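A.B. asks: Just dropping this structure here.
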Amino acid sequence: MSVFYNYAKFFEYGKQEKYREGLHHNLDKLLEYNKEGQEVLGNEFMAMFDDRTTGAFDGYVDTIAEFVSDVKKCFAYEENKVKELEKLGATDFIVCGGCCEGHKVKKETNFSDSIEFNGEFVRITGNKRGKAWSYINAHGPFGYEIKVKPNAVNVISLTMGCLTPNFEVCIVIGDKKYVIKEQYQGKKQFDFEYDAKSEDAVRVTVEKISDSTPCAYTIVSKVK
């Protein structure tokens, strides 16, 4: 729990160094406990965390070490992505599928998945029509509350990709729907104008409308 707490608070409270130190301290402690457990219990300890066993000690995956490695990789990626987006002078931004989503993400009508795709975090609306990595049949839309400047024309930019050759998606910004249907040719930015009145935030929702599996990398709002 301390690992996730420090990871989230690092971004929530302005990248204070004490949270980075707390994160890495707790990851190091996990590796210490892992080493101690293996020395004392051997196979029994490894089997507690790994169901991909072969029956021999060498066949066990070191799940804790794998987890620590993954967290460090994700933290580094997300920190770099946040630095990149901060340079845009945006009103608000979201790293989709990352810890920075925080309370902003709302997953509706079942689930949306956060996965790694082409070396980056993404959030998807579908399950690739039953591919082996997903055991969930129905995936619904996902949405975010993103800040905008009141009494101004804002630009909402979604950087998106797709896990299927056909890229089909419905993007809802406030009460306006935008349907996109095209052949997928790689990561692409889509810009939409939003004329804010007195409100300081708007909901952006990504909906699955076919067997296409669209994914979102980032969402950014800026004043036009």
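A.B. asks: Among Leu30, Leu23, which is the only one that is within 15 Å of Glu78 (Cα to Cα) and assigned to a helix (DSSP H, G or I)? Break it down stepwise before answering.
C.D. replies: Details: Leu30 fails: within 15 Å of Glu78 (Cα to Cα).
Going through Leu30, Leu23 in turn, just one is within 15 Å of Glu78 (Cα to Cα) and assigned to a helix (DSSP H, G or I): Leu23.
A.B. asks: For the range 90-107, which residues satisfy the criterion of being at pLDDT 90 or above and out of contact with any Phe, Trp or Tyr (no Cβ under 8 Å at 6 or more places or on another chain)?
C.D. replies: We begin by selecting, within the range 90-107, every residue at pLDDT 90 or above; these are 90-96.
Listed by number, the residues that qualify are Ala90, Thr91, Asp92, Phe93.
A.B. asks: While we're on this one: Determine if the range 151-168 includes at least one residue that is within 28 Å of Asp70 (Cβ to Cβ), hydrophobic (A, V, I, L, M, F, W, C) and modelled with pLDDT of 95 or more.
C.D. replies: yes
A.B. asks: With the requirement that a residue be in a loop (DSSP other than H, G, I, E, B) and either without any contact (Cβ under 8 Å) to a residue 60 or more places away in the chain or at positive phi (or both), what does the range 159-189 give you?
C.D. replies: Step one: of the range 159-189, the residues in a loop (DSSP other than H, G, I, E, B) are 163-165, 174-175, 184-187.
Of everything in the range 159-189, those that are in a loop (DSSP other than H, G, I, E, B) and either without any contact (Cβ under 8 Å) to a residue 60 or more places away in the chain or at positive phi (or both) turn out to be Leu163, Thr164, Pro165, Gly174, Asp175, Tyr184, Gln185, Gly186.
The values are calculated or read from the model by the stated rules, or taken from the named source; none is laboratory data. In this text, all values refer to a predicted model and were calculated from it rather than measured experimentally. FYI the Cβ positions are ideal-geometry reconstructions off the backbone, even for glycines, and counts take in every protein chain you see.
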